[in-house]
1. Within region 59-76, which residues are hydrophobic (A, V, I, L, M, F, W, C), modelled with pLDDT of 85 or more and crowded, with 23+ Cβ neighbours inside 10 Å?
2. Collect the residues in region 378-419 that are surrounded by 20 or more Cβ atoms within 10 Å (Cβ to Cβ) and charged (D, E, K, R), keeping them in residue-number order.
3. Collect the residues in region 162-176 that are at pLDDT below 90 and buried (at least 19 other Cβ atoms within 10 Å of the Cβ), keeping them in residue-number order.
4. State whether one or more residues within region 95-117 are charged (D, E, K, R), farther than 27 Å from P194 by Cα and buried (at least 24 other Cβ atoms within 10 Å of the Cβ).
5. Kindly provide the set of residues from region 403-446 that are more than 30 Å from P368 (Cβ to Cβ), modelled with pLDDT under 85 and not in a helix (DSSP H, G or I), ordered by number.
6. Kindly indicate which of T116, T142 is touching a residue at least 60 places away in the same chain (Cβ under 8 Å), closer than 16 Å to A62 by Cα and among the hydroxyl-bearing types (S, T, Y).
7. If A180 meets every condition in (1) out of contact with any helix residue (DSSP H, G or I) (no Cβ under 6 Å at 6 or more places or on another chain); (2) hydrophobic (A, V, I, L, M, F, W, C); (3) at pLDDT below 90 apart from one, which number is that one?
Amino acid sequence: MSIRESIDRAPMSRYQILVVTICLLIVLAEGYDLLLMAFAAGGVAKEWSLGGAETGLLLSSALVGMALGSAFIAPLADRIGRRLQTLGCLLLVVIAMALSAATMNYAQLGICRLITGLGIGGLVASLPVIAAEFSPQRRRSTMIALYTMGLPLGGVIGGIIAGALLANYSWRASFGVGAALTFVLFLVVLFLMPESIDYLLARRPKGALDSINKTLRKMNIAAVEALPTPEPRAENRVRNAVFKGRNGIRSALLGFAFFVMMAAFYFATSWTPRLLEQSGLSAQQGISGGMLLNLGGAAAALAFSILAVFFKTRILTVIAFAGGAVAFVAMSLSLGSFGLTLLVAVLVGAFTNGSATGLFALAPDCYPASVRATAVGWASAIGRVGAILAPILAGVLIDNGWTPSGLFLLFAVPLALGAIAVAALRMPQQSGSGPADVDAAVAAAR
């Protein structure tokens, strides 16, 4: 029996739960760091007299960094290790958030948000891989669904903290709080998070056997006497495993689904507070709408984690995309009614985050361990392009006379197309050994 099979067949230990919990706490903090700008946008725009397009660029600057981080920093996890890459990204975010609190003009804050996004992009693309690798196959979708609760919950925390701080201090204080929270998590990872067993098996650095056995003992799984025989490495491994044959089709469908999901998600999370304010609500009511949107997202992730035990992840993801399209249409029709708008905001957050949860649960199972972080990072990077364009496009359209209602209706369309893309996705056949079967499927596709 292979190490992967032993992990898949054994009960999930407290140590595995600890690792997944650390991943959840990290993405919780990064959700705060990322979505904080949506709540601070009003104060920043007022202090520096920014227009809609300039505000949109500020909202998108971190997303540009996330795209670059997902494409170029996340793949480092396959080369230097999941743990070291996570530590580096956390430290980068700490520095950038601290500098954001001290910025004196629009350009400086934009640069700091770009650097913040670099670190967050590396984290959010690689952390689902860590959560998946420390979970048995039968619990993987559930664990990743729980993990994805962190981003919207971070948005809720960001709204609460931003609301409290903006009432008594400037928007700068909320960035200082983000830097402090992220530094605490840097220390948690430094002392508690192990290296991924799948990474150690694939790359075999010095001391790999001792590290694997130390982790296996903590997981209540028998140690191994020797590392298994390594699989032969084909030339152009990444290209073959990600972009050729049937996995090439999967990558294209995943990339498109990530693109439209993130376009809708980051439009909603970035602009909802401001759009609600422009629709006649107060600034505090706009923040409340943004918080409820993220709260709905957290509730959806929890519901997804439960439903994933009984239903196929792909089916749940299709439903989430389709539900998101309907929710966006409902939001376009409900603006102007405070109570109804807040109710629909919960649904918008629930379905868009449910779509994200489904995609991050599906993506790791499409690829072998040796290229998994790279593949998920690139799929996520394609999505970040949509995340970058959406807030900027919304700002430009607002300056050209578009109404908040028209914008929500516009973004319903890509979600409907995303439902079609996920419905067309066909996952590799798996017999219970997880990544080993994905490797076999990729090999067959060459």
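1. The answer is A62, I73.
2. R384
3. A162, L165, L166, W171, S174
4. For region 95-117, residues charged (D, E, K, R), farther than 27 Å from P194 by Cα and buried (at least 24 other Cβ atoms within 10 Å of the Cβ): present.
5. T403
6. T116
7. (3)
The values are calculated or read from the model by the stated rules, or taken from the named source; none is laboratory data. Keep in mind it's a predicted model, so treat the numbers as computed, not measured. In this analysis, Cβ positions are derived from the backbone assuming ideal geometry, glycine residues included, and neighbour counts consider all displayed protein chains.
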